[in-house]
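Novice: Can you read through this structure? Questions will come right after.
The values are calculated or read from the model by the stated rules, or taken from the named source; none is laboratory data. None of the values given here were measured: they were computed from a predicted structure. Cβ placement follows ideal geometry from the backbone for every residue including glycine, while neighbour counts extend to all protein chains displayed. These accessible areas exclude ligands, DNA and RNA; they are computed on the full protein's heavy atoms, side chains included. Shrake-Rupley method; radii C 1.70, N 1.55, O 1.52, S 1.80 Å.
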Amino acid sequence: MQPYWNLAGAAVSAEALRVALALDLFAGLETAADAEAVAGRWRLDPGATEVWLELLWGLGCLERVTEGVAPRYRVSPVAAYYWRPGGTDCRRAWCNRLARLQDAAGQLAPLLRDGATPTPPPGAAWAEGARRQIDQEQRAVTAPLAVALFQEWPELAGRRRLLDLGGGPGRVALSLARAFPDLRATVLDWPEAAEVARQNIAEAGLADRVRALGGDITVDDPGEGYDVIWCSSVLHFVAEPAAVLRRLHRALAPGGVLICAHGERGATAEASARVLPFYLPMMLAGHFVPSPGEMGALLERAGFDTVERRGERGFPLAPVAVWLATRAPR
Ligand SMILES: C[S@@+](CC[C@H](N)C(=O)[O-])C[C@H]1O[C@@H](n2cnc3c(N)ncnc32)[C@H](O)[C@@H]1O
């Protein structure tokens, strides 16, 4: 029964963290402080603060540096990494995701009862996402991951022409362009979202190497001769992923590489429990979430020469399966 008690308790833990982030608690706890000092500084109730700090300690966000009746706490290394301004700042991305998942949870019963009509979100809604949560998630998670993969994987070394398919605000392309000065990148997204990317590109001063194209990836030609295509969390939203993959195969130069990173359904009960809370709302709305092995089969059928599942990586929603597929050299 304990796993199910844990589920119920997670609501309180999540709220404890949300409040800490809203108050910027972790930035203020570089130096250890006890509950009374924290309560005084943030104008909180001392008794409630004591329990709240203890819970945050239990969640690994705080370290307890002294024991006894009035323990002192300071920010833990992991909280310093994720929850402080400056470094890898995931605060807004996490709070946004929490709000959206709470909202999705509230819609589960009506969706089960009435079902949903799959209506792809229009470009304007995606543009709003590109300004807000996709932007935050790309800065916090997706762009650093893309840069890490380009540094780690020999197949990506020296690539010069990148297509970031469905790249939203363009933070992935911009981070890669910053990290690799020889890289030229094209971000393709709905016209409204591409406009957001265009502004970000201009602000970054990288318009000479990064451009944004507005279009529908299911219809419009993305161009050709790319030697690398980044496609993350995009195929969920198209009616015929197989057709888009065939298009991407054509867009690659011979020997070019596609990195395809998407959430997939779990092959085990444990994996399903990990993934589905994040993807179930999307699936109920009629979006595509591949079954285990399905993405590999789609890539092979699209004509890719080598297709390899490179394992799971941390991503905004849940770990995604990263596939590397190459177009045969001439
Ligand atoms: C969940 S976001 C992922 C953004 C980005 N690839 C990332 O991993 O952060 C999906 C993106 O695909 C874009 N998209 C979905 N369907 C599209 C279509 N038919 N044409 C162009 N863009 C599309 C959306 O506008 C959005 O920017």
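Novice: Calculate, in nm to one decimal, what ARG160 and VAL65 gain on full extension: separation in residues at 0.36 nm each, minus their alpha carbon distance. Write out the running numbers ahead of the final one.
Specialist: On the way: separation 95, 0.36 × 95 = 34.20 nm, distance 4.93 nm.
That works out to 29.3 nm of additional length.
Novice: Starting from the Cα of VAL78, step 7 Å along the direction of its Cβ; do the same at GLU192; then give the gap between the two resulting points in nm.
Specialist: 3.8 nm
Novice: Let me ask something additional. Based on the Cβ-Cβ distance of ALA14 and ALA328, what FRET efficiency does E = 1/(1 + (r/R0)^6) give at R0 = 45 Å, to the nearest 0.05?
Specialist: Details: r = 47 Å, r/R0 = 1.05.
Once the sixth-power term is evaluated, E becomes 0.40.
Novice: How large is ³J(HN,Hα) for each residue in segment 287-297, as worked out from phi by the Karplus curve 6.51 cos²θ - 1.76 cosθ + 1.60 (θ = phi - 60°), to whole Hz, x for Gly and Pro?
Specialist: 7, 8, 10, x, 6, x, x, 5, 5, x, 5
Novice: On to the next question. Quick check of the Kirkwood formula: for segment 212-275, what is the inverse mean of 1/r over all pairs of different Cα atoms, in Å?
Specialist: Details: mean 1/r = 0.0754 Å⁻¹.
Roughly 13.3 Å, rounded to one decimal.
Novice: Right, something else. Name the residues whose placed amide hydrogens come within less than 5 Å of the amide hydrogen of VAL238, ignoring near sequence neighbours (fewer than 5 apart) on the same chain.
Specialist: Distant-sequence amide H within range of VAL238: PHE288.
Novice: Across segment 233-240, in residue order, what do the Karplus-derived ³J(HN,Hα) couplings come to in whole Hz, using 6.51 cos²θ - 1.76 cosθ + 1.60 with θ = phi - 60° and x for Gly and Pro?
Specialist: The phi angles translate into 6, 10, 5, 3, 9, 10, 5, 10 Hz.
Novice: Next question. Using a basic spin-label model with each label point 7 Å from the Cα along Cα→Cβ, how many nm lie between ALA116 and ARG131?
Specialist: For the pair ALA116/ARG131, the computed spacing is 2.3 nm.
Novice: While we're on this one: Starting at the first residue of segment 6-11, write each ³J(HN,Hα) from the Karplus equation 6.51 cos²θ - 1.76 cosθ + 1.60 with θ = phi - 60°, in whole Hz, x for Gly and Pro.
Specialist: 4, 4, 5, x, 4, 4
Novice: Next question, about the same structure. Using 0.36 nm per residue of separation minus the Cα-Cα distance, give me the extension gain between ARG301 and TRP57 in nm, one decimal.
Specialist: On the way: separation 244, 0.36 × 244 = 87.84 nm, distance 4.97 nm.
This chain segment gains 82.9 nm when fully extended.
Novice: What FRET efficiency comes out for ARG41 versus GLN2 if R0 is 41 angstrom and r is the Cβ-Cβ distance? Round to the nearest 0.05. Let's see the in-between values first.
Specialist: Values: r = 36 Å, r/R0 = 0.88.
The value I calculate is 0.70.
Novice: Could you sort 139-146, 97-104, 161-168 so that the peptide with the highest average Cβ count within 10 Å comes first and the rest follow in order?
Specialist: 161-168, 139-146, 97-104
Novice: Tilt of helix 143-152 relative to the longest C-alpha principal axis of the chain, in degrees (0 to 90, nearest 10)?
Specialist: 60 degrees
Novice: Taking a probe of 1.4 Å, how large is the accessible area per residue of segment 2-84, in Å²? Don't skip to the end; give the middle numbers.
Specialist: Values: 4850 Å² over 83 residues.
Per residue, segment 2-84 has 58 Å² of solvent-accessible surface.
Novice: Next question. Just order 291-301, 267-277 by mean Cβ neighbour count inside 10 Å, highest at the front, would you?
Specialist: Details: 291-301: 16.4, 267-277: 13.3.
Result, highest mean Cβ count within 10 Å first: 291-301, 267-277.
Novice: Shape of segment 116-326 from its Cα gyration tensor (a ≥ b ≥ c, root eigenvalues): rounded if a/c is under 1.5, otherwise prolate when a/b > b/c, or oblate? The partial results should precede the final answer.
Specialist: Details: a/c = 1.42, a/b = 1.19, b/c = 1.20.
In terms of gyration-tensor shape, rounded.
Novice: Still on this structure, please answer the following. Simple spin-label model, 7 Å along Cα-to-Cβ: GLN107 to ARG313 in nm?
Specialist: Modelled inter-label distance: 2.8 nm.
Novice: Going highest first, how would you order 255-261, 224-230 by mean Cβ packing within 10 Å? Walk me through the numbers on the way to the answer.
Specialist: Working: 255-261: 22.6, 224-230: 20.4.
Listed from highest to lowest mean packing, they are 255-261, 224-230.
Novice: Using amide H atoms built in the peptide plane, which far-off residues or other-chain residues are under 5 Å from VAL65 H to H?
Specialist: Hits under the 5 Å cutoff: ARG72, TYR73, ARG74.
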